[in-house]
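Here the structure is laid out as structure tokens; the discussion comes afterwards.
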Amino acid sequence: ATIQKYASQYGIPEYVPVIQAIMMQESGGAGTDPMQSSECPYNTRYPNSPGAITDPEYSIEVGVQYYADCVREAGYNYGNGSISWAVRNYGGYSEANALLFSQQQAASHGWARYGDPEYVPHVLRYYSGGNPFAALFGNEQIVSVALTQLGNVGG
């Protein structure tokens, strides 16, 4: 019900099953920050450090608000920084460019790893609501891409 409330508030009520899957990937749906939203730019009540949010409903509100922005910008979630990078360099998301983005970010920060380059397939393992691509990307975008493939033989 909480996810439904905020998904409606932020204009993405059709994404509730995907948001549920994201929350399962992030926390298993448990804890005080089930959406792992503490470091999100929309978190204005708690420190922007891992695990700082102590109000599960607020975590869900912040996470849904952020996801709504990601959906509007690109239709997948690895953070807004990767969206513009993937669109600019590759025309959009792919598992291969998610891995490359992760490797580049880790190297630039001097870290062993950055995020989860397999985030999309990891989330989809929790998703059981019909066509996951329709839920993640929206039917209009799927139709738009499909129309570009008319006449493509063997593709």
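The values are calculated or read from the model by the stated rules, or taken from the named source; none is laboratory data. Everything quoted here is computed from the prediction, not taken from an experiment. Note: ideal-geometry Cβ built from the backbone for every residue, glycine included; neighbour counts use all protein chains shown. Protein only, heavy atoms only, side chains kept; ligands, DNA and RNA dropped before computing areas. Shrake-Rupley method; radii C 1.70, N 1.55, O 1.52, S 1.80 Å.
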As an exercise: evaluate residue 25 against (1) within 11 Å of residue 64 (Cβ to Cβ); (2) in contact with a helix residue (DSSP H, G or I) (Cβ under 7 Å, 6 or more places away or on another chain) and give the number of the one condition it does not meet. (1)
Before we move on, is residue 153 farther than 26 Å from residue 17 by Cβ and modelled with pLDDT under 85? yes
May I ask you to list pairs of residues, at least six apart or on different chains, whose Cβ atoms are under 6 Å apart, with the first in the stretch 77-100 being at pLDDT 80 or above and the second being open to solvent by 20 Å² or more (accessible area, probe 1.4 Å) and part of a loop (DSSP other than H, G, I, E, B)? 98/78; 98/117; 99/117
Scan 57, 14 and give me the residue that is charged (D, E, K, R) and either open to solvent by less than 70 Å² (accessible area, probe 1.4 Å) or modelled with pLDDT under 95 (or both). 14
Find the residue count for the stretch 21-72, including only residues that are on the phi > 0 side of the Ramachandran plot and outside any loop (DSSP other than H, G, I, E, B). 0
Take the residues of the stretch 102-115 that are touching a helix residue (DSSP H, G or I) at 6+ places or on another chain (Cβ under 9 Å) and within 16 Å of residue 85 (Cβ to Cβ): which is least open to solvent (accessible area, probe 1.4 Å)? 102
